[in-house]
Amino acid sequence: MAKKQKKTIPERTPTKHQLSKWQRQMKIRRILIIAAVVFLVGISSWVGYEYYEDYRASTAAWREVVIKVNGVPFTMEYFVDYFAMLLAANTADVNNSTIISYIANYMADYVDDYVVNEELLRQGAKSLNITVTAEAIQAELKERKWPDEKVYRDIISTILSQEKLREYFGSQLPDTMAQAHVQVVFVESQEVATELISQVEAGGNFTALAAAFSCNSTVKGDLGWLPEELMPNTLIANAAFNFTLGEISQPIYEETAAKEVGYWLIEVTDKQDEKVKARAMLLGSEAKAEWAKAELAAGGNFSLLAKEFSQHKSKTSGGELGWLKRGDMDSQDFDKVAFNITANKVSDPVKDTSVQTTGGYWLVKVVDRGDHEVDEKVKEELIDKRLNDWLEEHKENSTIENLLDAKKTSWAAEKAVSKVLAAR
């Protein structure tokens, strides 16, 4: 059987019209390719230039002096290295880059203070002929397994200098000195002070009552034996060394002393879904809040009273808080009342221990006083105070130039974060 012949299809010759169309397409394609190449070359050149400019700018930034302490310069490179060291120490257990960046932004406001204060301490130590040898620094670096870099050498120098300074100030302390044994409490109002005194006179224990009535958690109860310079403030110091032994002082008012309590008067003027429109004033005591509410009941103006007596930042606007949702005031006590109160009715005083107000009354009981042995705890506190006072005086007499601004600090924080993340 004869094979079937494969049919050949004659090649078609393009018409002039088709040739013209293809030629136009090819021309357009070549133009597009050339344009694309030119564009890419341009972009590459621009990116390269920008990269070079960034590199050149950042290189210059590393060398820029950003802090001077009595003429001693600190470059941006040093500042970033120091920042990264602090950041690494404060985020040792953190692996989330977002959280590390957040912490870095928070730290950015005080890293420069650390650099300044440590240099002042090193300089101050030298002025007292207190020195640290290079050998001692190297030995400490080796023991701590820290890198032999300037930032770490400076930190070791600061640590060793501080130890020697503590020995220096400790050697100047006597074995005994004039001290007073005092018990103290800070209360919110004259009324509370009077109540506490009456309970003590009825046989109550002062220190136990101090724990119950105090609105200052750092200074309360039995403070033990203290020299005058370690007394919490001048009012207590004066009472400790002048008042009658064994008696409770009359209430001593201090306008600027902080206390961990306040009282809200809240008025909700409108409600909508899960929001309330409110105004409020924050008073420093229950007695003051009761007085303010009585003034309002007698026709007093809420806005004027808030402007004069409120201790909340909204006082400048007459206590107006605008529309609020739960949590906006960072106070559960506030929310509990504001989202349940009847509209256009002023609340009773709302006690809130999550806020801070100022003004209150000290009560001081002098148990004993006289020449007393300086125990180890008091000695350590005296050394700390004298070292800090000495450093502050040295700082006041120093020339400090801080050339950092918000932009430079933000740049440094960014670089410090990158450095920390790269090391993990």
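Looking only at residues in segment 347-361 that are crowded, with 19+ Cβ neighbours inside 10 Å and not acidic (Asp, Glu), which one is nearest to the chain's Cα centre (by Cα)?
Applying the filter and picking the extreme gives VAL355.
Each residue in segment 223-251 was checked for being aliphatic (A, V, I, L, M) and assigned to a loop (DSSP other than H, G, I, E, B), and 2 of them qualify.
Residues of segment 197-225 that are of a type in the set (A, V, I, L, M, F, W, C) and touching a Pro at 6+ places or on another chain (Cβ under 9 Å): ILE197, VAL219, LEU223. Of everything listed in (1) touching a helix residue (DSSP H, G or I) at 6+ places or on another chain (Cβ under 9 Å); (2) surrounded by 13 or more Cβ atoms within 10 Å (Cβ to Cβ), the single unmet condition for ALA178 is (2). When segment 282-302 is filtered for residues that are of a type in the set (S, T, N, Q) and buried (at least 16 other Cβ atoms within 10 Å of the Cβ), only SER285 remains. Within segment 228-276, the residues that satisfy the criterion of being more than 30 Å from GLY319 (Cβ to Cβ), among the charged types (D, E, K, R) and at pLDDT 95 or above are GLU228, GLU229. Note on segment 132-155: residues that are more than 23 Å from the chain's Cα centre (by Cα) and in contact (Cβ under 8 Å) with a residue 24 or more places away in the chain amount to 7.
Would you point out the residue of segment 370-419, among those that are of a type in the set (Asp, Glu) and not in a helix (DSSP H, G or I), that is farthest from VAL66 (Cα to Cα)?
Within segment 370-419, the first condition is being of a type in the set (Asp, Glu), and the residues that meet it are 371, 373, 375-376, 380-381, 384, 389, 392-393, 396, 401, 405, 414.
The next check asks that each one be not in a helix (DSSP H, G or I); those that pass are 371, 373, 375, 401, 405.
Numbers: ASP371: 50, GLU373: 48, ASP375: 44, GLU401: 8, ASP405: 9 Å.
My answer is ASP371.
Screening SER310, SER314 for residues that are crowded, with 21+ Cβ neighbours inside 10 Å and among the polar types (S, T, N, Q) leaves exactly one candidate, SER310.
Residues VAL364, VAL337: which one is more than 27 Å from the chain's Cα centre (by Cα) and closer than 30 Å to PHE243 by Cα?
Working: VAL337 fails: closer than 30 Å to PHE243 by Cα.
It is VAL364.
Looking only at segment 179-193, which residues are more than 27 Å from LYS377 (Cβ to Cβ) and over 28 Å from the mean Cα position of the chain (by Cα)? Don't jump to the end; show me each part of the working.
Restricting attention to segment 179-193, the residues satisfying the condition of being more than 27 Å from LYS377 (Cβ to Cβ) are 188-193.
Within segment 179-193, SER189, GLN190, GLU191, VAL192, ALA193 qualify.
Annotation: ASP175 fulfils all but one of (1) free of Cβ contacts under 8 Å to residues at least 60 places away in the same chain; (2) among the acidic types (Asp, Glu); (3) within 24 Å of ASN242 (Cα to Cα); the unmet one is (1).
Return yes or no: is VAL366 modelled with pLDDT of 95 or more and in a strand (DSSP E or B)? Spell out how you get there, then give the answer.
Details: modelled with pLDDT of 95 or more: yes; in a strand (DSSP E or B): yes.
Judged against the criteria, VAL366 is a match.
Within segment 130-143, restricting attention to residues that are more than 10 Å from LYS164 (Cβ to Cβ) and polar (S, T, N, Q), the residue that is surrounded by the most Cβ atoms within 10 Å (Cβ to Cβ) is GLN138.
Pick from ILE103, ILE99, ILE155: which is surrounded by fewer than 16 Cβ atoms within 10 Å (Cβ to Cβ) and either under 30 Å from VAL378 (Cβ atoms) or among the aliphatic types (A, V, I, L, M) (or both)? Outline the logic, then answer.
On the way: ILE103 fails: surrounded by fewer than 16 Cβ atoms within 10 Å (Cβ to Cβ); ILE155 fails: surrounded by fewer than 16 Cβ atoms within 10 Å (Cβ to Cβ).
Answer to the check: ILE99.
The values are calculated or read from the model by the stated rules, or taken from the named source; none is laboratory data. This one's a predicted model, so the numbers in the text were calculated from it and none came from an experiment. When we count neighbours, we look across all protein chains shown, and the Cβ atoms used for this are built from the backbone with ideal geometry, even at glycine.
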